[in-house]
Amino acid sequence: MHYSDKYNFYCFLGGRIETGETHLDALIREVKEEAGLIVKPQSVKEFGTVTEIRKDLFKEGIYEKHEYFYTCDVEDTVVDQHMTQSEIEWGFRLVYISLDEAIRGNESSQQDIIEAQTHVLRLLLHI
């Protein structure tokens, strides 16, 4: 998972699907960029989707986001990360943490932007 040193929460790796990309292409690219990990494509399994609709926290209006969640295995090799400027500013770093610890951490962080992420962590406890 990614941990934000600036905002004290855990979230899944991910990002936008670029024009012409499949979901699998985006997953492989984002995991490599954000964590320096190489996804084993044959291991990817769809876990589910979350649609988040709420008041926008940063501007007037409604915020709507569709998130797609997958499980996968990665190679042992680690390559250089290529995070965005905002990911760097938020202090994101890769951490290996239990589901219970990530849930407790997110519940104590009181960040509204991670409610959907925390919900998915709870669902993962049951698989």
| query | Can we say I97 is in contact with a Lys or Arg (Cβ under 7 Å, 6 or more places away or on another chain) and at pLDDT 95 or above? | reply | no
Looking at the stretch 45-67, can you tell me whether even one residue there is out of contact with any helix residue (DSSP H, G or I) (no Cβ under 6 Å at 6 or more places or on another chain), among the small types (G, A, S) and either at pLDDT 95 or above or under 21 Å from F9 (Cα atoms) (or both)? no
Per the filter on the stretch 17-37, residues more than 17 Å from T77 (Cβ to Cβ) and part of a loop (DSSP other than H, G, I, E, B) are I17, E18, T19, G20, E21, T22
Listed by range, helices (runs of 4 or more DSSP H) wholly within the stretch 77-124 having at least 2 residues that are surrounded by fewer than 15 Cβ atoms within 10 Å (Cβ to Cβ) and either charged (D, E, K, R) or in contact with a Cys (Cβ under 7 Å, 6 or more places away or on another chain) (or both) are 99-109, 115-124
Going through (1) within 13 Å of the chain's Cα centre (by Cα); (2) surrounded by fewer than 14 Cβ atoms within 10 Å (Cβ to Cβ); (3) in contact (Cβ under 8 Å) with a residue 12 or more places away in the chain one by one, S4 fails only at (2)
Quick count over the stretch 14-37, residues being touching a strand residue (DSSP E or B) at 6+ places or on another chain (Cβ under 7 Å) and surrounded by fewer than 16 Cβ atoms within 10 Å (Cβ to Cβ), is 1
Check whether at least one residue in the stretch 40-55 is closer than 20 Å to D5 by Cβ and not β-branched (V, I, T), and report yes or no. no
Note: among G48, G14, just one is within 25 Å of G105 (Cβ to Cβ), under 15 Å from the mean Cα position of the chain (by Cα) and in a loop (DSSP other than H, G, I, E, B), namely G14
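The values are calculated or read from the model by the stated rules, or taken from the named source; none is laboratory data. Just so you know, these numbers come straight off a predicted model, no measurement behind them. Cβ atoms come from the backbone with ideal geometry, glycine included; neighbour counts cover every protein chain shown.
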